[in-house]
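Everything on this sheet refers to the single structure shown next.
The values are calculated or read from the model by the stated rules, or taken from the named source; none is laboratory data. Just so it is clear, the structure is predicted and the values come from calculations on it, not from any experiment. Neighbour counts run over all protein chains shown; Cβ positions are idealised from the backbone, glycine included.
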Amino acid sequence: MQRTKQLHWWQRGVVYQIYPRSFQDTTGNGVGDLQGVIDRLDYLADFGVDALWLSPFYPSPMIDFGYDVADYCDVDPLFGDLAAFDRLVAAAHARSLKIIIDWVPNHSSDQHRWFLESRSRRDNPKRDWYIWRDPAPDGGPPNNWGSFFGGPAWTFDEATGQYYLHQFCPEQPELNWRNPDVRAAMYDTLRFWMERGVDGFRMDVIGLLLKDEELRDNPPNPDAPPDLPENDLFSRLHQVHNMFLDENHAVMREIRAVLDEYPDRCAIGELWGPLEEWVRYYGPQGDELHLPFNFRLMDGMAWNAPQMRASVDAMEAALPDFAWPNYVLGNHDRMRLVTRFGGEGPARVAAMLLLTLRGTPTLYYADELALPDVPIPPEKIQDPQGVNLGPERTRDVCRTPMQWDAAPNAGFCPPDVEPWLPLSADYETRNVAVFAEQPASILNLYRRLLAYRRATPALLGGSYTPVDGGPDDCYIYWREDGDSRCLIALNFSAEPRAVTVPGLKGQLALSTHLDREGEAAEGEIELRGNEGVIVAVGAA
Ligand code: GLC
């Protein structure tokens, strides 16, 4: 077990995800930008997070809102320029905030010059930088793979008579990671940003990099829901030959070696899949990702104490000694936390869970406002997933603008400008300025949790020990590092529960209701509905 004082920044720290389009507009076009992030750094530093992860800001046709990169080494004019990025890094570092950027290695935009060259002629030197194949004998696509966003994963190029692979939009052709020149060029993009002071990368769909060399058909998915939209070819198949290939791991180690050329940089990867596949991405010697994102408390998880505990315990048991845990409860691809877990009561308990488990938490902007999914009128849907697979699949709902104050457009953009996505209807009362003034707001709960976590060795580097025998709908655990000891007791039910912990003698350090600090806790704790508490024991 690593003790708190030996931890790296990415182990002690809390990551805060910013979706730059939606954080702060400073140019008056209804879309957020890098200067907007700079202008809000004081808020973020004061809030108490340690690192900012910025979703893509690269030049892009924005078909997938920046996950279609047209140049890996520049900034889209919509967001600013490289000088603005440099100012952002300097201003963040001046406030002890780290900067993590999104790196999208699996696919580029079809407008990237590499793809334009690749597509121009079969004998172009860059032809093999992407995945081109002849049509099947019947003229159709080379195999049966489907796109995550609907339709086949192949598009035919009339001019050169071959198909190219794209598991997202047709405008997102997949790079050929079997080609050493592609790997070398992509590694240089990592160096480019590390030279500019970037502290880490969140690597997009990293489990997809290598595909089956023969591009074999995927077998049918026996668990496919019967009511899939007709064009959802992806979910109809069992994803065997297109993800989590063993060959990914050698590439992961190369990527990590590039990061290790620079001191203390952090490799985070977007990964889902079964626990036993996921855990392999730490590398056999801890030489792949530092933090393969752990989505297990989010994906398919109801607000249920035994299930959450089982997920944490299974992950803790699966981790090798060198592997550092991490948890994610929301991001730009998933339903908002407060909507998923059923209201602000559970969302407060979820905040305490996320910030007290062992490992690095990643927060999603505006979760500190308990911002719910914002309904988007069908004609305003912009996300390609929603456009192609139906309104109920759109991710626009969780990407709406940050709400700063009660002014028209919530301080996100000027009052006379239409924000790129609507604000929540209650933005005049649900915003940072209003919540900052309410002592018991969820914003202040997050602040208190972040401050307490930062000051408490048990929460930073301490061990995790679940407590058995409490009420079924409560989740109770110890965090301990030497003299620093805390008990966390979370009531997942809306009804009061009594939690008995023999020998417990301490003081309430925090309640999710922010009204019991300092109360003595001896042997038994009475929890109100949807209440979580941290009990400090000894010198916590
Ligand atoms: C990742 C991103 C998602 C994007 C997709 C394709 O899942 O998080 O937003 O659409 O990759 O790049």
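Which condition breaks for residue 372 when tested against (1) under 30 Å from residue 325 (Cα atoms); (2) out of contact with any strand residue (DSSP E or B) (no Cβ under 9 Å at 6 or more places or on another chain); (3) within 16 Å of the ligand (Cβ to nearest atom)?
Unmet for residue 372, out of (1) under 30 Å from residue 325 (Cα atoms); (2) out of contact with any strand residue (DSSP E or B) (no Cβ under 9 Å at 6 or more places or on another chain); (3) within 16 Å of the ligand (Cβ to nearest atom): (3).
Are any of the residues in segment 381-391 charged (D, E, K, R) and surrounded by fewer than 21 Cβ atoms within 10 Å (Cβ to Cβ)? Step through it out loud before you land on a result.
So the first thing to find is which residues in segment 381-391 are charged (D, E, K, R), and the list is 383.
Keeping just the survivors that are surrounded by fewer than 21 Cβ atoms within 10 Å (Cβ to Cβ) gives none.
No: zero hits.
Surrounded by fewer than 22 Cβ atoms within 10 Å (Cβ to Cβ) and closer than 30 Å to residue 43 by Cβ: does that describe residue 467? Full working, then the answer.
Values: surrounded by fewer than 22 Cβ atoms within 10 Å (Cβ to Cβ): yes; closer than 30 Å to residue 43 by Cβ: no.
Criteria not met by residue 467.
Report, by residue number, each residue of segment 195-210 that is surrounded by fewer than 19 Cβ atoms within 10 Å (Cβ to Cβ) and in contact with a helix residue (DSSP H, G or I) (Cβ under 9 Å, 6 or more places away or on another chain).
196, 197
Can you name the strands (runs of 3 or more DSSP E) wholly within segment 83-169 that have at least 2 residues being more than 16 Å from the ligand (Cβ to nearest atom) and in contact (Cβ under 8 Å) with a residue 60 or more places away in the chain? Full working, then the answer.
Numbers: elements: 98-103, 154-157, 162-165.
Those strands (runs of 3 or more DSSP E) span 98-103.
Considering 280, 334, 340, which residue is out of contact with any Leu (no Cβ under 7 Å at 6 or more places or on another chain), assigned by TED's automatic domain parsing to the domain that holds residue 259 and part of a loop (DSSP other than H, G, I, E, B)?
Working: 280 fails: part of a loop (DSSP other than H, G, I, E, B); 340 fails: part of a loop (DSSP other than H, G, I, E, B).
Going through 280, 334, 340 in turn, the sole match is 334.
Evaluate segment 182-192: report whether one residue or more is assigned to a loop (DSSP other than H, G, I, E, B), in contact (Cβ under 8 Å) with a residue 40 or more places away in the chain and among the polar types (S, T, N, Q). Walk me through how you get there before you give the answer.
To start, the set of residues in segment 182-192 that are assigned to a loop (DSSP other than H, G, I, E, B) comprises none.
So far as segment 182-192 goes, no, none of its residues is assigned to a loop (DSSP other than H, G, I, E, B), in contact (Cβ under 8 Å) with a residue 40 or more places away in the chain and among the polar types (S, T, N, Q).
For segment 375-392, how many residues are within 16 Å of the ligand (Cβ to nearest atom) and either hydroxyl-bearing (Ser, Thr, Tyr) or free of Cβ contacts under 8 Å to residues at least 24 places away in the same chain (or both)?
Adding up the residues that qualify gives 3.
Only one residue in 59, 125 is more than 29 Å from residue 355 (Cα to Cα) and assigned by TED's automatic domain parsing to the domain that holds residue 204. Which one? Working first, answer last.
Working: 125 fails: assigned by TED's automatic domain parsing to the domain that holds residue 204.
Only one candidate passes the filter, namely 59.
What number of residues within segment 77-105 satisfy the criterion of being over 23 Å from residue 27 (Cβ atoms), of a type outside the set (D, E, K, R) and in contact with a Phe, Trp or Tyr (Cβ under 8 Å, 6 or more places away or on another chain)?
Looking only at that region, the number is 4.
Report yes if some residue within segment 215-227 is acidic (Asp, Glu) and buried (at least 21 other Cβ atoms within 10 Å of the Cβ); otherwise report no. Can you show your working first?
Within segment 215-227, the subset acidic (Asp, Glu) is 217, 223, 227.
Add one more test, that the residue is buried (at least 21 other Cβ atoms within 10 Å of the Cβ), and what stays is none.
Within segment 215-227, not a single residue is acidic (Asp, Glu) and buried (at least 21 other Cβ atoms within 10 Å of the Cβ).
Let me confirm something: among 32, 48, 66, 36, which residue is more than 30 Å from residue 394 (Cα to Cα) and within 22 Å of the chain's Cα centre (by Cα)? Walk me through how you get there before you give the answer.
Values: 32 fails: more than 30 Å from residue 394 (Cα to Cα); 66 fails: more than 30 Å from residue 394 (Cα to Cα); 36 fails: more than 30 Å from residue 394 (Cα to Cα).
After applying the criteria, what remains is 48.
Kindly provide the set of residues from segment 359-391 that are under 26 Å from residue 61 (Cβ atoms) and outside any loop (DSSP other than H, G, I, E, B), ordered by number.
Our first condition is that a residue be under 26 Å from residue 61 (Cβ atoms); within segment 359-391, this holds for 364-365, 374, 376-391.
Within segment 359-391, 364, 378, 379, 380, 384, 385, 386, 387, 388, 389, 391 qualify.
Tell me yes or no: at least one residue of segment 257-267 is more than 16 Å from the ligand (Cβ to nearest atom) and aromatic (Phe, Trp, Tyr).
Among the residues of segment 257-267, at least one is more than 16 Å from the ligand (Cβ to nearest atom) and aromatic (Phe, Trp, Tyr), which makes the answer yes.
Anything in segment 484-538 that is of a type in the set (Gly, Ala, Ser) and more than 34 Å from the chain's Cα centre (by Cα)? List them, or say none.
Residues of segment 484-538 that are of a type in the set (Gly, Ala, Ser), as a first pass: 484, 489, 493-494, 498, 503, 506, 509, 511, 518, 520-521, 523, 529, 532, 536, 538.
Listed by number, the residues that qualify are 498, 503, 506, 518, 520, 521, 523, 538.
With the checklist (1) more than 23 Å from the chain's Cα centre (by Cα); (2) in the same structural domain as residue 15 (by TED's automatic domain parsing) in hand, flag the one item residue 132 doesn't pass.
The number of the failed condition is (2).
Which residue out of 177, 272 is at pLDDT below 95, in contact with a helix residue (DSSP H, G or I) (Cβ under 9 Å, 6 or more places away or on another chain) and at negative phi? Working first, answer last.
Details: 177 fails: at pLDDT below 95.
Checking each option against the conditions leaves just 272.
Does any residue in segment 55-73 that is within 21 Å of residue 388 (Cα to Cα) come within less than 7 Å, Cβ to Cβ, of a residue that is basic (Lys, Arg) and within 13 Å of the ligand (Cβ to nearest atom) six or more places away or on a different chain, and which pairs are these?
Partner pairs satisfying both residue conditions: 65/21.
I'd like to know if segment 301-313 contains one or more residues that are within 16 Å of the ligand (Cβ to nearest atom), in contact with a helix residue (DSSP H, G or I) (Cβ under 6 Å, 6 or more places away or on another chain) and not assigned by TED's automatic domain parsing to the domain that holds residue 473. Before the answer, list the steps.
The first filter runs over segment 301-313 and keeps only residues within 16 Å of the ligand (Cβ to nearest atom), leaving none.
Within segment 301-313, none of the residues are within 16 Å of the ligand (Cβ to nearest atom), in contact with a helix residue (DSSP H, G or I) (Cβ under 6 Å, 6 or more places away or on another chain) and not assigned by TED's automatic domain parsing to the domain that holds residue 473.
Considering segment 207-217 alone, what residues qualify as being within 16 Å of the ligand (Cβ to nearest atom) and not charged (D, E, K, R)? First the steps, then the outcome.
At the first step, the residues of segment 207-217 found to be within 16 Å of the ligand (Cβ to nearest atom) are 207-209, 211.
Selection gives 207, 208, 209.
Being modelled with pLDDT of 95 or more, within 29 Å of residue 194 (Cα to Cα) and among the hydrophobic types (A, V, I, L, M, F, W, C) narrows it down to one of 159, 136, 84, so name that one. Can you show your working first?
Values: 159 fails: within 29 Å of residue 194 (Cα to Cα); 136 fails: within 29 Å of residue 194 (Cα to Cα).
The conditions single out 84.
Do we find that residue 364 is within 16 Å of the ligand (Cβ to nearest atom) and buried (at least 22 other Cβ atoms within 10 Å of the Cβ) in this structure? Don't jump to the end; show me each part of the working.
Working: within 16 Å of the ligand (Cβ to nearest atom): yes; buried (at least 22 other Cβ atoms within 10 Å of the Cβ): yes.
The answer is yes for residue 364.
When you go through 188, 204 one by one, which is the residue that is within 16 Å of the ligand (Cβ to nearest atom), modelled with pLDDT of 95 or more, charged (D, E, K, R) and not assigned by TED's automatic domain parsing to the domain that holds residue 141? Break it down stepwise before answering.
On the way: 188 fails: within 16 Å of the ligand (Cβ to nearest atom).
None of the other options fit; the residue is 204.
Does segment 334-349 contain at least one residue that is within 16 Å of the ligand (Cβ to nearest atom), of a type in the set (D, E, K, R) and within 26 Å of residue 452 (Cα to Cα)?
yes
Which residue out of 13, 28, 36, 48 is in contact with a Pro (Cβ under 7 Å, 6 or more places away or on another chain), at pLDDT 95 or above and either outside the structural domain of residue 417 (by TED's automatic domain parsing) or more than 16 Å from the ligand (Cβ to nearest atom) (or both)? So that I can check it myself, show each step before the final result.
Details: 13 fails: in contact with a Pro (Cβ under 7 Å, 6 or more places away or on another chain); 36 fails: in contact with a Pro (Cβ under 7 Å, 6 or more places away or on another chain); 48 fails: in contact with a Pro (Cβ under 7 Å, 6 or more places away or on another chain).
The match here is 28.
In the list 198, 251, which residue meets the criterion of being assigned to a loop (DSSP other than H, G, I, E, B), more than 28 Å from residue 390 (Cα to Cα) and among the β-branched types (Val, Ile, Thr)? Explain how you work it out, then say what you get.
Details: 251 fails: assigned to a loop (DSSP other than H, G, I, E, B).
Result: 198 is the single residue among 198, 251 that is assigned to a loop (DSSP other than H, G, I, E, B), more than 28 Å from residue 390 (Cα to Cα) and among the β-branched types (Val, Ile, Thr).
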